[in-house]
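Every read-out reported here was derived from the displayed coordinates using simple, explicitly stated rules and does not represent laboratory data. From a predicted model like this one, the values you see are computed outputs, not experimental measurements. Every residue, glycine among them, receives a Cβ derived from its backbone with ideal geometry; neighbour counts consider all protein chains shown.
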Amino acid sequence: MRLEEYWGVGPKTRERLEAELGTERAVEAIESGEVRALVSSGLSRGRATRILRRANGGEGMAVLSTRDTRAVYKELLDTASDYAVTEDAADRIRVLTPLMEREEAEQRLDSVMDATESWKRLDGETREAVLSAFAEYAENDRIGDDEAAVRTVLALRDAGLSDGAFASAAEIDRDDLEAAASALADLDGGDVARGVDDELDSLRDALDGVKSLASDSLDAMEEIREEARAGAEFGEVVVDYVASETDAGFQRVREATPDDAVDATDFVNATLRELRADLRESAEERERSVARRLRGRIAENRDAIDAAGEEVSDLAFNLSLARFAAAFDLTRPSFRENGFAVRNARNVSIEAGDEAVQPVTYAVGDHELPDAAESGAESPDSASGDSALDDQTPPADPTPPSGDRVSVLTGANSGGKTTLLETLCQVALLAQMGLPVPAERAEVSISEDIVFHRRHASFNAGVLESTLRSIVPPLTEGSDTLMLVDEFEAITEPGSAADLLHGLVRLTVDRGALGVFVTHLADDLKPLPEKARKDGIFAEGLDENLELEVDYQPRFGTVGKSTPEFIVSRLLAGADERAERAGFETLARAVGEEAVQRTLDDWSPEASADD
């Protein structure tokens, strides 16, 4: 295959890859997803990652239908890669793409969940031993990949790991691994290491001695002449001196002396040149002989070496994802047709920032989520709590209805509607990549397109056109689409926005897709088509710091309220000057003086003290 047939490989990139790797090796690296190989050739890590994503998961990349979907996807992979036990594992995580076949997603989930359970069973000391094994060997650039893999497996075996995710590595014959480790260490990068063969070491030492003597030949000549003046024969003095200084052996030095030297200096220099050439040839011949023997030992244990390499790569990848899953308490999703449901789902991005998260239950399409009592989940505390709106706020139903393909989500500003959409997008992407999800339970359909569109406050025709171009084609080109659209009215005037949004809801239902549409225009969307409903998020009052208290769990089948009386109450409570307070009192009468007063009564320090 020609390199330029791969996405993102143009003439300049092709030339660089061919120059550094060669065409065949470059193709192999792209097909096997080797980020490190492409980076070593001079490509940036980001560019190498993009090329490999397209090469190995091009169909899956098409699932990321919008810029916001792609942003969530990249953020998830960045977060997951932070838990990688090796840089190669981090690279493998970064090139993961959504899968289009349920069987493939299930297979990856099997491996990841097995690794997650194995990781959770380890105590702190054993976990440190695992991480140290990868850090000491798999991340050690001073030893070859084969030796690194073999020694990593041996280190894991020494830590007593032999079941679960470690079972396959533990099945590799230990004697073969130890023999392989020894041979690979002895043949260090293709060169026979010192200490392996005494004869080779002696030849190397003698050669080093000759080189050193040759570099100081003037001093050597002075000493040789001094001894020769005492009456000894010059040639024998040279042989004795060189042999004693280099450990090359008298016979070898004598055989290196010339028959036709023109003077004493030429005699010494010629002896050293011949001796160096002889020692180099002998050392190289001996090294070839020893290396052949070592390569034979390596070949005898090649099966164990290859098995170790494959197991270490897969184990590092799966353990990295296991650490990610354990850190965020991720669980295995189940797959179904025509449905998307989560119970007690959490937002990974918020949790990664160490912020408090209220789990949320939500669903569109068909599902089989158990009710709260059956699942062991609890209804939101706020459903039965005292608030200024208790007489007008419906209780929270902990189980979303099944069968509605589209929901229109309404409610208070800063009520978590956009966060809910992002959370659903995270669950959908993680599940379709064959990874566990941040929910107590999740049922997910495989999507051809995931359309996540955040609110973008740019009120002009160009933004409206580009938005429609990005979110409508996935609906018209396929049926397995998940629509997650936030405040469509922010990009056009409310009247037109309501009409367009109503059309999008109807199109989503007609195409058999699933969708959640966030809006403040719910009352203008009458009548909704069959299999579409309205849900609401409600604010409940003000806390002691005058911050809005919101129950982020939507009420199903109910339009949420923006609750401006809470905002006005907060402003009124914080107003110090008489004129300013009078202005907010006027607004209080406009939005409902009784509701504002009730909010202030609930918030008052005296009421808080009584509570």
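Give me the extension gain from S162 to A193: residue separation times 0.36 nm, minus the current Cα-Cα distance, reported in nm with one decimal.
Working: separation 31, 0.36 × 31 = 11.16 nm, distance 3.21 nm.
Between S162 and A193, full extension yields 8.0 nm more.
With charges set only on the Cβ (+1 for Lys and Arg, -1 for Asp and Glu), what does the dipole of the chain come to about its Cα centre, in debye to the nearest 20? Numbers along the way, then the final one.
Values: 66 positive and 129 negative charges, 538 e Å.
Charge dipole, the chain, about its Cα centre: 2580 debye, nearest 20.
Is segment 99-327 best put as rounded, prolate or oblate by its Cα gyration tensor, with a ≥ b ≥ c the root eigenvalues, rounded for a/c under 1.5, and otherwise prolate when a/b is larger than b/c, oblate when not? Mind dumping the intermediate values first?
Working: a/c = 4.38, a/b = 3.70, b/c = 1.18.
Because a/c hits 1.5 or more and a/b exceeds b/c, segment 99-327 counts as prolate.
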Label-zone membership for segment 172-187, site D145, 7 angstrom Cα→C-beta point, backbone N under 13 Å: none
So E28 and E549, fully extended at 0.36 nm per residue minus their Cα-Cα distance, gain in nm 182.0 nm
With a Förster radius of 30 Å, plug the Cβ-Cβ distance of N413 and K531 into 1/(1 + (r/R0)^6) and report the FRET value to the nearest 0.05. 0.60
Rough spin-label spacing in nm, given labels placed 7 Å along Cα→Cβ, for R47 and E178: 4.9
Helix 145-158 versus the longest principal axis of the chain: what is the Cα-based angle in degrees, 0 to 90, to the nearest 10? 70
Which angle from 0 to 90°, rounded to the nearest 10, does the C-alpha axis of helix 264-300 make with the longest principal axis of the chain? 50
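Lys pairs in the chain, Cα-Cα under 15 Å, at least 8 apart or on separate chains: how many? Before the final figure, lay out each step's value.
Values: K417/K534; K417/K561; K526/K534; K534/K561.
The number of close lysine pairs in the chain is 4.
Taking the Cβ of E101 as the centre, find all other residues whose Cβ is under 13 Å away and add up their charges (Lys, Arg: +1; Asp, Glu: -1). Don't skip to the answer; put the middle values down first.
Details: positive: R102, R108; negative: E59, E103, E104, E106, E448, D480.
Net charge in that neighbourhood comes out at -4.
For S334 and D576, what does the FRET efficiency come to when R0 = 51 Å and r is the distance between their Cβ atoms, rounded to the nearest 0.05? Mind showing how you got there, number by number?
Details: r = 56 Å, r/R0 = 1.10.
According to the calculation, E is roughly 0.35.
How would segment 2-145 be classified by its alpha-carbon gyration tensor: rounded, prolate or oblate, with rounded meaning a/c under 1.5 and the a/b versus b/c comparison settling the rest?
On the way: a/c = 2.23, a/b = 1.30, b/c = 1.72.
Here segment 2-145 falls in the oblate category.
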For the chain, give me the percentage of DSSP beta bridges that are antiparallel, rounded to the nearest 5 percent. 40
Positive-end residue, segment 99-327 charge dipole about Cα centroid, Cβ charges, pick of L187, V112, A264: V112
Got a sec? Which residues in segment 289-328 would a label at D82 touch, if it sits 7 Å along Cα→Cβ and we count backbone N under 16 Å? 320-328
By how many degrees, between 0 and 90 and to the nearest 10, does the Cα long axis of helix 67-81 differ from the longest principal axis of the chain? 50
Which label marks the calculated value of volume of the Cα convex hull per residue in Å³, given the options (i) 220; (ii) 265; (iii) 178? (ii)
